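Scroll down for the structure; my scribbles are underneath it.
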Amino acid sequence: MTTAPMIESHLAQLVAIRHDLHAHPELGYEEHRTSELVQRELEAAGVEFRGGLAGGTGVLGHIPGGDGDPIALRADMDALPIVEQSGVDWTSQHQGRMHACGHDGHTTILIGTARVLAAMSRERALPRPVTLVFQPAEEGGAGGKRMVDDGCLDGSVLGPPVTAIFGLHGWPVLPLGVLASRPGPILASADGFEARITGRGGHAAMPHRCVDPIAAAAAVIQSAQHVMSRRVDPVQGGVLSITRVEGGTTHNIIPEAVELQGTTRFLEPEAGEALHAGFEEILRGVAAAHGCAAEIDWHEGYPVTFNDPEAHAHWDAVVAGTFGRDQIQSMAPIMGGEDFSFYGQVIPACFFALGLLPAGQAEMPGLHHPSFDFNDDAIEVGIRAFVALAKA
Ligand code: NI
């Protein structure tokens, strides 16, 4: 059987699986039901696998193949803490949890890919071994890093060491049937910070006997707007947002301290270094100019998701050959973050966007929106792309 009718023969069951996953969303590292479903499916497809990875819910599958370079294909399985308002029949049965980022679709696509590749490999060996990475906790939990740390790519869990990895994400602004990517940075690094500006509290009627951290914080926030425009290479770009300001209790007290919280996003490590150094200098310097002390804690988030130029060129040639050049687009980088970045830190990686927007529709609910629902028609497209990469 060729690829298209083989995928077609699985589609009705795969849509049912997607709806079942959507109805039973689980947060990062709690994907026990999802993990069991994945393992059941791999077992039924005759695919060798190991569960219990990355803290318990990660699953690694392996399909043997010829002497071509071994590759990995990745899906994330976790949901978000959102109350679903989509109104679909398969709406979340877990109150306050929802597959609002489409990871139910990604998991289903990789299950479908496993079914198709396993069936194909029984007819004739695949040209290369394929590792299937079902990871937990993409949404802030860095499940991808734990899969890497557990040895999922280096051959210590199952199968040979892999030499490249591919991952996809459903994209609501991209038309169904279209795939998009770019070489180099595709998603941003996202770090968080908490800063504290400390003065000397006292009576609001006697400010000269106090050191006012609120006035200092206001000056810091103003000056921080210059970090992006004056300190970071404008071609590289980035984001510095202060998202929480907290200080004081009532009208007649100058507080002791003010707390600031925020985030930085960037696509190039140099931009990140300039951004962090520039903000720290302004924070401490401006606070000092107002007689205050300042301290800052950085919370390192996900690194930049970087598409290896060769892995991207391979992806581009394979998907253009499969779908036609007119279905493949180049995309601008996005300032969101992805823990697919951790795989790209150890082996060449390529991440791509999978169009979800139905034909004739101007828009659909975005990722992380309470009305979002993955488009079932994209399941077939995702499987075709993954299967083509495995068979190339
Ligand atoms: Ni996502």
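The values are calculated or read from the model by the stated rules, or taken from the named source; none is laboratory data. Because the structure is predicted, anything quoted here is derived from the model rather than measured. Virtual Cβ from ideal backbone geometry, glycine too; neighbours counted across all protein chains shown.
Overview of results
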read-out: Test: residue in the stretch 123-135 that is within 13 Å of the ligand (Cβ to nearest atom) and within 14 Å of ASP373 (Cα to Cα); value: no
read-out: Residue count, the stretch 139-164 (criterion: within 16 Å of the ligand (Cβ to nearest atom) and either in a helix (DSSP H, G or I) or among the polar types (S, T, N, Q) (or both)); value: 4
read-out: Verdict on ILE82 being of a type in the set (A, V, I, L, M), touching a residue at least 12 places away in the same chain (Cβ under 8 Å), in the same structural domain as PRO172 (by TED's automatic domain parsing) and away from the ligand (no atom under 16 Å from the Cβ); value: no
read-out: Test: residue in the stretch 106-116 that is part of a loop (DSSP other than H, G, I, E, B), under 23 Å from GLU41 (Cβ atoms) and out of contact with any helix residue (DSSP H, G or I) (no Cβ under 7 Å at 6 or more places or on another chain); value: no
read-out: Qualifying residue in the stretch 326-337 (condition: closer than 29 Å to THR2 by Cβ, within 15 Å of the ligand (Cβ to nearest atom), more than 17 Å from the chain's Cα centre (by Cα) and in the same structural domain as GLU84 (by TED's automatic domain parsing)); value: no
read-out: Pairs, first over 18 Å from LEU356 (Cβ atoms) in the stretch 308-332, second basic (Lys, Arg) and assigned to a helix (DSSP H, G or I), C-beta under 8 Å, six or more apart; value: THR322/ARG384
read-out: Any chance VAL178 is within 16 Å of the ligand (Cβ to nearest atom), surrounded by fewer than 21 Cβ atoms within 10 Å (Cβ to Cβ) and modelled with pLDDT of 95 or more; value: no
read-out: The stretch 118-137, residues that are charged (D, E, K, R) and either surrounded by fewer than 18 Cβ atoms within 10 Å (Cβ to Cβ) or out of contact with any helix residue (DSSP H, G or I) (no Cβ under 9 Å at 6 or more places or on another chain) (or both); value: ARG122, GLU123, ARG124
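This table checks each residue for (1) surrounded by fewer than 24 Cβ atoms within 10 Å (Cβ to Cβ); (2) in contact with a helix residue (DSSP H, G or I) (Cβ under 7 Å, 6 or more places away or on another chain); (3) farther than 22 Å from PHE340 by Cβ.
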{"residue": "GLU36", "(1), (2), (3)": "yes, no, yes"}
{"residue": "GLY52", "(1), (2), (3)": "yes, no, no"}
{"residue": "HIS62", "(1), (2), (3)": "yes, no, no"}
{"residue": "GLY68", "(1), (2), (3)": "yes, no, yes"}
{"residue": "ASP76", "(1), (2), (3)": "no, yes, no"}
{"residue": "LEU80", "(1), (2), (3)": "yes, no, no"}
{"residue": "GLN93", "(1), (2), (3)": "yes, yes, yes"}
